[in-house]
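Scroll down for the structure; my scribbles are underneath it.
The values are calculated or read from the model by the stated rules, or taken from the named source; none is laboratory data. Just so it is clear, the model here is predicted, and its values are computed rather than measured. Methodologically, a virtual Cβ is constructed for each residue, glycine included, from the backbone with ideal geometry; neighbour enumeration extends over all protein chains shown. Surface accessibility is based on the protein's heavy atoms, side chains included, excluding ligands, DNA and RNA. Shrake-Rupley method; radii C 1.70, N 1.55, O 1.52, S 1.80 Å.
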Amino acid sequence: QVQLVESGGGLVQTGGSLRLSCAASGRTLSSYAMGWFRQAPGKERDFVAGISRGGAITSYVDSVKGRFTISRDNGKNTVYLQMNALKPEDTAIYYCAADQSIVASHDPKFYDYWGQGTQVTVSS
């Protein structure tokens, strides 16, 4: 089992930045590919970014490419999502998730463990 806790969300203005963290306890995070998902009001939970177990392979939804960066520090059992140039459409609850595979899936159904989410609100 692994427990995930997100932090770092908040309220920022358009163009601002936030750094989300996902801290894991239980099994070492190196056993999992990790993903960030987000869910806006009235919408489904969608893939944002993913990273392989070793951190060599990353992927992003097109709308955040060039603005968001996913990274991991397996020694600290933590995954990060650096979000720059934020837009109002980025407003959502952001969730960290763990996938028992080498690379990160874009489908939330493949993930076994989820954090509670952290709210990101971007004002114009």
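Tell me which of these Lys109 doesn't satisfy, since it passes every other one: (1) free of Cβ contacts under 8 Å to residues at least 60 places away in the same chain; (2) farther than 22 Å from Ala24 by Cβ; (3) open to solvent by 20 Å² or more (accessible area, probe 1.4 Å).
Checking Lys109 against (1) free of Cβ contacts under 8 Å to residues at least 60 places away in the same chain; (2) farther than 22 Å from Ala24 by Cβ; (3) open to solvent by 20 Å² or more (accessible area, probe 1.4 Å), the one that fails is (2).
So which residues in region 59-94 are of a type in the set (A, V, I, L, M, F, W, C), touching a Gly at 6+ places or on another chain (Cβ under 6 Å) and assigned to a strand (DSSP E or B)?
Passing the criteria: only Ile93.
Just give me the residues in region 43-58 being assigned to a loop (DSSP other than H, G, I, E, B) and either touching a helix residue (DSSP H, G or I) at 6+ places or on another chain (Cβ under 6 Å) or of a type outside the set (Ser, Thr, Tyr) (or both), in sequence order. Reasoning before the result, please.
Here is the first cut: in region 43-58, the residues assigned to a loop (DSSP other than H, G, I, E, B) are 43-45, 52-57.
If the condition is that a residue be assigned to a loop (DSSP other than H, G, I, E, B) and either touching a helix residue (DSSP H, G or I) at 6+ places or on another chain (Cβ under 6 Å) or of a type outside the set (Ser, Thr, Tyr) (or both), then Lys43, Glu44, Arg45, Arg53, Gly54, Gly55, Ala56, Ile57 are the ones that fit.
Can you tell me which condition Gly42 does not meet? The list is (1) more than 22 Å from Leu86 (Cβ to Cβ); (2) free of Cβ contacts under 8 Å to residues at least 40 places away in the same chain; (3) not acidic (Asp, Glu), and all the others hold.
Condition (1) is where Gly42 drops out.
Taking Ala40 as the residue in question, decide whether it is of a type in the set (A, V, I, L, M, F, W, C), out of contact with any strand residue (DSSP E or B) (no Cβ under 6 Å at 6 or more places or on another chain) and loosely packed, with under 15 Cβ neighbours inside 10 Å. Spell out how you get there, then give the answer.
Working: of a type in the set (A, V, I, L, M, F, W, C): yes; out of contact with any strand residue (DSSP E or B) (no Cβ under 6 Å at 6 or more places or on another chain): no; loosely packed, with under 15 Cβ neighbours inside 10 Å: yes.
No; evaluated as a whole, the condition is false for this residue.
Among what's in region 15-30 and is surrounded by fewer than 13 Cβ atoms within 10 Å (Cβ to Cβ) and of a type in the set (S, T, N, Q), pick the residue that is nearest to Ser105 (Cα to Cα).
Looking at the filtered set, the residue picked out is Thr28.
Could you check region 112-124 and list, in sequence order, the residues that are in contact with a Phe, Trp or Tyr (Cβ under 7 Å, 6 or more places away or on another chain) and open to solvent by less than 30 Å² (accessible area, probe 1.4 Å)? Walk me through it before giving the result.
Of the residues in region 112-124, the ones in contact with a Phe, Trp or Tyr (Cβ under 7 Å, 6 or more places away or on another chain) are 114-115, 117-118, 120.
Gly115, Gly117, Thr118, Val120 - these are the residues of region 112-124 that are in contact with a Phe, Trp or Tyr (Cβ under 7 Å, 6 or more places away or on another chain) and open to solvent by less than 30 Å² (accessible area, probe 1.4 Å).
Kindly list, by first and then second residue, each pair from a residue in region 66-93 that is exposed (fewer than 15 other Cβ atoms within 10 Å of the Cβ) to a residue that is modelled with pLDDT under 95 and among the polar types (S, T, N, Q), limited to pairs with Cβ atoms under 8 Å and residues at least 6 apart or on different chains.
Correct list of pairs: Pro88/Ser124.
Of all residues in region 47-65, which are surrounded by 18 or more Cβ atoms within 10 Å (Cβ to Cβ) and modelled with pLDDT under 95?
Arg53
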